[in-house]
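Report on one structure; see the data block that follows.
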Amino acid sequence: MGPLIPNGVIPFEWDNIIAILIGIAFGFVLEASGFSSSRKLAGVFYGYDFAVLKVFFTAALVAVIGVYYMDYLGFLDVNQLYVHPTYLWGAIIGGIIMGVGFVAGGFCPGTSLCAVAIGKIDAIVYVGGIMVGIFIFSELYPLFQPIYEGYFYGNVTLEDSLGINPYWFVFIFSIIAIVAFVISDMVQKRVKKIFY
Amino acid sequence: MKKELKQKSKHIYWNPYYGGFLLGILILFTFYLTGRGLGASGAMKSSVVSIIESVAPTHAEESSYYSKFITEDESPMKNWLVFETLGVLIGAFISGGLSGRIGWRIQHSPKITSKRRLVFAVIGGVLFGLGAQIARGCTSGAALSGMAVLSTGGFITMLAIFGSAYATAYFFRKNWI
Amino acid sequence: MKELEKTKRISIAATLFILAVIIGLLTYKRPKNIYAINTKDTLEKITSANYFTTLEELKNPEYVLIDVRNQYEFEKGHLENAINIYAPEILSDDNIKVFNELKESNKMAILYGNNPQEPNAPFLILYQLGFDNIKLLAIENSYLQNKLISKNTVVEKSEADITAFINESVKKANATETVKKEVVAPPKKVITIEKKKKAEAEGGC
Amino acid sequence: MVKKKIAKVLAFRYKILAAILILLAGGLVLLPKYQKHEGIKPEELLSNTISPERYMTTDRLAHILINQDPSFILIDVRDEKSFASYSLPNAINIPLEKLFDEGSDSYLNQNQFDVVLFSNDNFYADQAWILCNRLGYKHMRVLKGGVNEWYATIINPLKPADNMPVTDFELYATRKAASMFFGVVYPEQVKVEAPVIVKEAPKKVITIEKKKKAEAEGGC
């Protein structure tokens, strides 16, 4: 049946209600997995707690395997799903700036909202910072326009850009993820334990 | 004994694989229902746009960036991501409440003062806000939802975020370890 | 330690429960008929392969005759030992089972109706569902004192050369000036601005 | 001792989870690869094909052509040779093999014009119609009986015998008039200057990007 709302199986009015419900589940899972504490988030970069790596890769894997199984069985049509557009240099430069922001601030927008919900003042300040960042971007937009608009390769998937069979890529990706989990466990044992 | 148990459970988090599994199922469910992934920084952009629009409407109209998101009939806040972000706040509050983690505080490593932590939080926020707009998505929107449909942009963004984070982790180590 | 043990047990139970529910749902509610080939391949196959047979070739033991007309016409008269599957019910479960059995025992299903147009739709739909062991019997059925007469016809035979007819009618009417029939140039280029697919799902962070 | 046992159980559990993950991811690769199931559901396609109102009669088509109704595009799915010998006025030739080529897609996949597919009979036109309908193209019709029917009813209408009802005579008269429009000249016809069919076919098919009902907004 493919994505239900765009295909009209569920009327479009439900979209926002579903958004809230999904948001509640999203917030609950993020907070319960400990993503509301910035020190646990930063642990992935300093080796004392690889929760971010484990949750992130497991979620991506479960989602990708699920999407392709449902596509195979005819429940979901992958072509109708929203694929994040590929702006090559936009993604690289934006990613680098976000990486530094992640290490400096300890949050990403989703997790900072969870921390705000449980009363973390540094998270509130962080969200304020994000808004300022967006404000700066919008004011200096002409400066960022070439990167923002340029190098557009369309809403392209790995299958289109690298011509690989998605099933094989998912299989290799899952092996890489499991190897990463094993390594992160070994590293975590060796690194000095930090109580937060 | 109960208070002590409650105190201890403050730091009992789910097993990360379990959390990742549930998050994966949730993303799959979101794609199945709405055909789009999750997101977070989009909502902040909408709020900034609506603030600017209410504060300085003329400026908002002219500037090429704001005008993209201003539509006559609806305010920018009436957007899927804003509702989802509202849900995230509620969900996190419920989960925090269940395990007793609610309370005003600033979480920082014992070695640094809370003032320094706030300063770095602002710097981190500004950088993240800027980067999220340039890459048109944050870790949960571009990277996580992008990877779920194997989008090249999603992978590039994820690699760039984690790559640069690992590269510059050395400079901020005093904040965390 | 007890607290940690409790959450661990809950998480394992919840994971297994959710996995069981999802796998159960996916395998149970699987849509019945799924296309096996997409439209481009179907087009190549039907324009290249010859899927017609004639009455003479019916002696082949592997051929099983399937009549796509309705019950009444089938009773009135049908080719010997033909199975009656009415065209609109071709996708019902038991009919699909019949085609599956034919496919396993690699028999060739021969669809026929009152004229070649009738079995065309069921043939093409079944073909796209992956039943490539199907052929069409190009025959024209008629009744003489309610006895079935079927004779082979060629599909899409051009009855008459119309331009010749028009020119000949013009000559016949010995009109002096010949009628100049402009051949109007077909539209050169149709520009469609990149069309948004049906209910394109928007998304992103 | 207990802690070591739990740690062992814990490690063992992760091995099972890893094995399940690899099994599921690998399973996708081993499943028999079959073509993408694109288009509308087979049951829906069957019901659309069976419904008769997808056909267009030759009389209605003649009426449309005479009134030069601009909202129709005629597509001839026969091969080039038969198209060259005769085809309906300002019809476009897209042979069945080239149905899904680049150039022809803009004629089929647009919702601004009604498309009428025709061939000698409606056998190949039906096949083209079914494939297009599977992809969800709208406003498609098939000329009932194709060019043969067109010849039998419009170009060379059958003169009804005397005992036929008057409606047949009117029908015959309209059909005869239509055939004159299409160039057939009758001997007793008063010398009338044959109207030159100058009708520019729709040159530019502009699909105005219509806001879909279920348009899901997005973007970050």
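All of the numbers you see were taken from the coordinates with simple rules; none came from a lab. Quick caveat, the model's predicted, so the values are computed rather than measured. Neighbour counts run over all protein chains shown; Cβ positions are idealised from the backbone, glycine included.
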Using alpha carbon centers only, the range C:84-158 is separated from the range A:1-61 by a whole-angstrom value of 52
Only helices counted: for chain B, with every DSSP H run of 4 or more residues adding -39500 (n - 2.57) and the sum spread over all residues, [θ] at 222 nm is -20500 deg cm²/dmol
Distance in nm between A:Trp168 and C:Leu26 label points, each 7 Å along Cα→Cβ, equals 2.2
Taking D:80-92, A:94-106 and ranking on average Cβ neighbours within 10 Å, highest first, one gets A:94-106, D:80-92
Computed for the range B:105-177: size of charge dipole around the Cα centre, +1 on C-beta of each Lys and Arg, -1 on C-beta of each Asp and Glu, debye to nearest 20, value 480
For the range A:90-196, listing trypsin sites (Lys or Arg not before Pro) in a DSSP loop whose Cβ sees at most 11 other Cβ atoms within 10 Å gives A:Lys192, A:Lys193
Sorted by chain and number, the residues with a modelled amide H under 5 Å from that of D:Met56, at a separation of 5 or more or across chains, are D:Val142, D:Leu143, D:Lys144
Note to self: C-alpha centroids of the range A:146-182 and the range B:121-158 sit apart, in Å, by 15
Long-range share for the range A:1-60, i.e. C-alpha pairs more than 12 Å apart as a percent of all pairs, stands at 72
So for R0 = 51 Å, FRET eff. of D:Ile50-D:Ala19 from the Cβ-Cβ r, to 0.05, ends up at 0.55
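Could you size up the charge dipole of the range C:51-151 around its Cα centre, putting +1 on the beta carbon of Lys and Arg and -1 on that of Asp and Glu, and report it in debye to the nearest 20?
Here the size comes out at about 220 debye.
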Candidate cut points under trypsin sites (Lys or Arg not before Pro) in the range D:11-80, DSSP loop plus at most 11 other Cβ atoms within 10 Å of their own Cβ, are D:Lys33
GluC sites (Glu not before Pro) in the range B:19-111 lying in a DSSP loop, each with at most 11 other Cβ atoms within 10 Å of its Cβ, come to B:Glu72, B:Glu74
So, with points 7 Å from each Cα along the Cβ direction, the C:Glu140-D:Ala152 label distance in nm works out to 0.8
With a Förster distance of 56 angstrom and the Cβ-Cβ distance between D:Asp59 and A:Lys189, calculated FRET efficiency to the nearest 0.05 equals 0.05
Note, the range A:102-115: 3J(HN,Hα) by Karplus (6.51, -1.76, 1.60, θ = phi - 60°), whole Hz, Gly/Pro = x, goes 5, 5, 5, x, x, 10, 10, x, x, 6, 5, 5, 4, 5
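Grab the eigenvalues of the alpha-carbon gyration tensor for the range A:105-152, scale each by 5, take roots, and send me the semi-axes largest first in whole angstrom.
On the way: eigenvalues 158, 27, 8 Å².
Over the Cα atoms of the range A:105-152, the ellipsoid semi-axes are 28, 12, 6 Å.
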Taking the dipole of the range B:105-177 about the Cα centre (Lys, Arg +1; Asp, Glu -1; charges at Cβ), the one of B:Cys138, B:Pro110, B:Tyr170 that reaches farthest to the positive side is B:Pro110
Residue-ordered couplings for the range A:169-181, obtained by feeding phi - 60° into the Karplus form 6.51 cos²θ - 1.76 cosθ + 1.60 and rounding to whole Hz (Gly and Pro as x), are 5, 4, 5, 5, 4, 5, 5, 4, 4, 5, 4, 4, 4
So, with points 7 Å from each Cα along the Cβ direction, the A:Asp160-C:Tyr72 label distance in nm works out to 5.3
Answer in debye to the nearest 20: the dipole magnitude of the range D:44-185 about its Cα centre, from +1 Lys/Arg and -1 Asp/Glu charges placed on Cβ, is 200
Rounded to the nearest 10 degrees, the helix B:152-168 long axis (Cα) sits at an angle to the longest Cα principal axis of chain B of 50
Taking every residue of B:105-112, the Cβ atoms of other protein chains inside 10 Å of its Cβ average out to 5
Summing -39500 (n - 2.57) over every DSSP H run of at least 4 residues in chain A and dividing by its residue count gives a helix-only mean residue ellipticity at 222 nm, to the nearest 500 deg cm²/dmol, of -22500 deg cm²/dmol
Expected sort for C:Ile83, C:Ile139 with the fewest Cβ neighbours (10 Å cutoff) up front is C:Ile83, C:Ile139
Karplus ³J(HN,Hα) for the range A:153-163 (6.51 cos²θ - 1.76 cosθ + 1.60, θ = phi - 60°; Hz, whole; x = Gly/Pro) runs 10, x, 6, 9, 9, 4, 4, 6, 6, 9, x
Each residue of C:115-127 has, on average, a number of other protein chain C-beta atoms within 10 Å of its C-beta equal to 4
For peptide A:176-184, the mean count of other chain Cβ atoms within 10 Å per residue Cβ is 2
Expected sort for B:135-144, C:100-109 on mean C-beta neighbours within 10 Å, highest first, is B:135-144, C:100-109
Relative to chain B, whose Cα atoms define the longest principal axis, helix B:16-34 and its Cα axis are tilted in degrees, nearest 10, by 20
By the mean-Cβ-within-10 Å protection proxy, highest first, C:41-50, B:167-176 rank as B:167-176, C:41-50
Rounded to the nearest 10, the angle in degrees between the Cα long axis of helix B:41-55 and the longest principal axis of the Cα atoms of chain B comes to 50
